[in-house]
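This report refers to the structure that appears directly beneath it.
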Ligand code: GLA
C-alpha cells in the first residue's frame, strides 16, 4: 500500500537529528518524526504508513489528526493552534487547506488557507544548525473586517513514552527551581507578569520515566519570548501527547485589520536519546550561535552590594583599584549614578548624570577605570519611570497604566509605554546621548517590576511593549556594535532566547549566596551555557540570606558561570584577596574550556554533591568543579566519572584549587592527591577519580589535560 497523492513527505537533517513532516493538500501538516538521525535510505512512506493508527470505537468517526496546527473545525477537542473571532464570518473553527510548501535549506514554509474564515497561516518549521527544532506561525487576515486573535500557538506532538516532566518555579533570589512530576494530566503555565517573572521561566522538559542526566529520551521545550505566555504539556484520550507554546494575549490585545499579520514567538525544542545533558548541550550550541562572542568573558566587578546608592568618587575609585589588583577586567557602576537617585523611590526616567555625586560627570571615574586596564559598564533601567521623576511630572500619560483606575506600583515605579512613539523617542535619545558622551563598553539593562496594568488608554499593550523593547535593543546594538548588553530583571526574571537575540549575559539571580546559587545555576544550565550566566563572588555574609561561606566556595561557585565580584573588596583581608586572585587566575586559564566546550551536570549518587564538567570540543582539556553541597551520606566519597573523553588518550589530572581541607571528616587524603595522576580517558569515564572527603559547602577545581601517552603514571 502506498500513501495518498495528496500527502507529501519532507525530511530535514541537522547535527545528529532528523525531522520528517507530512504535508497534506487538504489538511494541516503532521509531524512524522523528530529524533536521532534516521539512515539516509529510510523509506519515509513506510514510516508514515506505520504510524497510521486504528480508529477507536465510541469516538468521532474520523478523529482529528494530531497535527502541527490542531484544528477545532476538524474535531480537535483540545486547545487548537488558532482561536479568533470576527463579526462577519466564522473564524473560530478553521479547516486549513494547503496552498504551497517551500523548502529552504533546513526549513519548511507551509502555507495554508481557510477560504471560509478568510485567514492564511504559514508554519515555518525546521532544524537549526545546533540541532534544535524551531517553529513559528504567522496568521494573516484575508478578509475585509477585522479579526480579534485570542491564541496563536505552536504545537509539537511528542512520543507517548515521555511520561515525566520537569517544570521550573521560583521567586526573587530563588529562580530556576525544578519541579519533577509524573506527566499524567494537563500541565499548564500561564504567565501574565509582562516579563517572564521569577516564577514562570518559559521552558519545560519531558522525558521517559526515570530519565537522568545521562540516560533516557528527553525533550526540552522553550518559548523564545520575554512577555506573557502560555505553555502546555497535554495528552489526549486517543493517546497523543503534545507540547504547546504561545504568547498569551490579554482580552482585546490583538486585532488584525485587513491584510495584517501576527507572528508567534519561536518555539525551540531540543531532543536527546541519552539524558538531559545531551538535550542541554544542543541548547547551549544554539545560544552560542546567537551570542557570537568575540572574546573571553571578562571578570566583572559590580558596585551594587558594595555601595548600593551611596556613590562616593573616592571609594568608587579605590574599589576599582582593588578590583584591578585581583584581576578584574570590567567594572560596572550599578544603580545610583543619575539625577536624584538616592534610593529606590525616585528618578527612574531622568537619565542625566547626577551632578551632586558626579560634579565633573562620569569621566573622572571612567578614566580611572580605563587607566587600570578595565572596561567600563553602566546600569540602566530604561523601561521604567518613577512617579517621583521629572519625566513623569512632564509626561504622566507615557506610563503604562489605565488612567481610569489608580496605578499599581512595583518598587515604587511604573512602566514606560514604549508603544507611544514620543516615549520611545525620548528614551532612545537619552540612551544614545549617554552612549555617545561616554566610552561605555557594557550596559546592565535592568527591569524590576511586573506589569500590572499594561495598558494604553483602553486596550492592553503588553505584547506591543515587548516588540518595542526588542526594536530598541536592536537599534542600540546596530548603533553601538561593540557595547555588550546584560539582561537583568530583579535577578533572573527575564531570561529567555527572545531577549538573548540582543543581549550577551543574564543576571541569573540577585542571590549571591553560593549554596542557593548552586541550585539556581543548575536549573539555569538546562537551557543556557555557563558563559551567559552572570555569577558573582558576594560578601562573606550573604546580603540576601545571611549565610556565611568562605571565599573558596563562593569563588568556585562563581566559576560555574561568567565570573564576577559583587563585594566591597576594601573590606576583604589580604588572605581573602589572595584567594580570590588565585581563583580568578584559574578562571582565566580555564574559561575557554568552560565557555566553548561541552558542559555536563553530574550529580552524585546521594544527591548531596554535584560536578559541573566541561570538555573542550577536541577532547584535549577538561575542567571539573566538584561542589559538596550537604553532608556526604557515606563516610567515603564515590569517585567522579567524567564523560566524553577520548578512551585511549592519556590525561593528567591536576588539582587547581580547593576549599580548605580541615580534616573534620577525613584523617588522610586520597593517595593520589599530592602527586601527579595520569589516567586514560576510558579509566576516567568508566572508573573515575576519588576526591577528598569534603566538609559541606566546599569545592574542588580539577583540570584534566591530554598528555602524550609516553608520560605514563608509575
Ligand atoms: C535589581 C538588580 C540588582 C541591582 C538593583 C539596582 O534588583 O537585580 O542587581 O542592579 O536592581 O537597583
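Points worth noting:
- Peptides 480-491, 270-281 ordered by packing proxy, namely the average of other Cβ atoms within 10 Å per residue, highest first: 270-281, 480-491.
- Three-way shape call for the stretch 187-346 based on the alpha-carbon gyration tensor, with the a/c threshold at 1.5: oblate
- Most tightly packed first, judged by the mean number of other beta-carbon atoms within 10 Å of their residues, the peptides 22-28, 561-567 read 561-567, 22-28.
- Look at the Cα gyration tensor of the stretch 556-640: its axes a ≥ b ≥ c give a/c of at least 1.5 with a/b at or below b/c, and that counts as oblate.
- Highest mean packing first, where packing is the average number of other Cβ atoms within 10 Å per residue, the peptides 177-183, 315-321, 685-691, 513-519 line up as 513-519, 315-321, 685-691, 177-183.
- Of the residues 7, 303, the one with the fewest other Cβ atoms within 10 Å heads the list, and the complete ranking is 7, 303.
- Shape box of the stretch 468-572 [Cα atoms, principal axes, largest first, Å]: 43, 32, 20
- Each residue, residue 648 and residue 104, gets one label point 7 Å from its Cα in the Cβ direction; the gap between the two is 4.6 nm.
- Distance histogram in 10 Å bins (all Cα pairs of the stretch 1-83, percent per bin): 16, 43, 33, 9, 0
- Convex hull of alpha carbon positions in the stretch 59-208: directionally averaged projected area 11.9 nm².
- Prolate/oblate/rounded label for the stretch 255-405 (Cα gyration tensor, a/c 1.5): oblate
- Relative contact order %, the chain, counting alpha carbon pairs below 8 Å whose residues are six or more apart: 9 percent
- The alpha-carbon atoms of the chain define a convex hull whose volume equals 170 cubic angstrom per residue.
- By the count of other C-beta atoms within 10 Å, a proxy for reagent exposure, 295, 504 are ordered fewest to most as 295, 504.
- Share of pairwise Cα separations in the stretch 600-706, more than 21 Å, in percent: 30 percent
- Helix-only [θ]222 nm of the chain, DSSP H runs n ≥ 4, -39500 (n - 2.57) each, per residue, nearest 500: -6000 deg cm²/dmol
- Using the empirical formula 2.2 N^0.38 Å as the baseline, the Cα radius of gyration of the stretch 121-260 reaches a ratio of 1.16.
Only the coordinates and a few stated rules stand behind these numbers; no lab work does. What you see is a predicted model, and the numbers here were worked out from it, not measured in a lab. Using ideal geometry, Cβ is built from the backbone for each residue, glycine included, and neighbour counts are taken over all protein chains shown.
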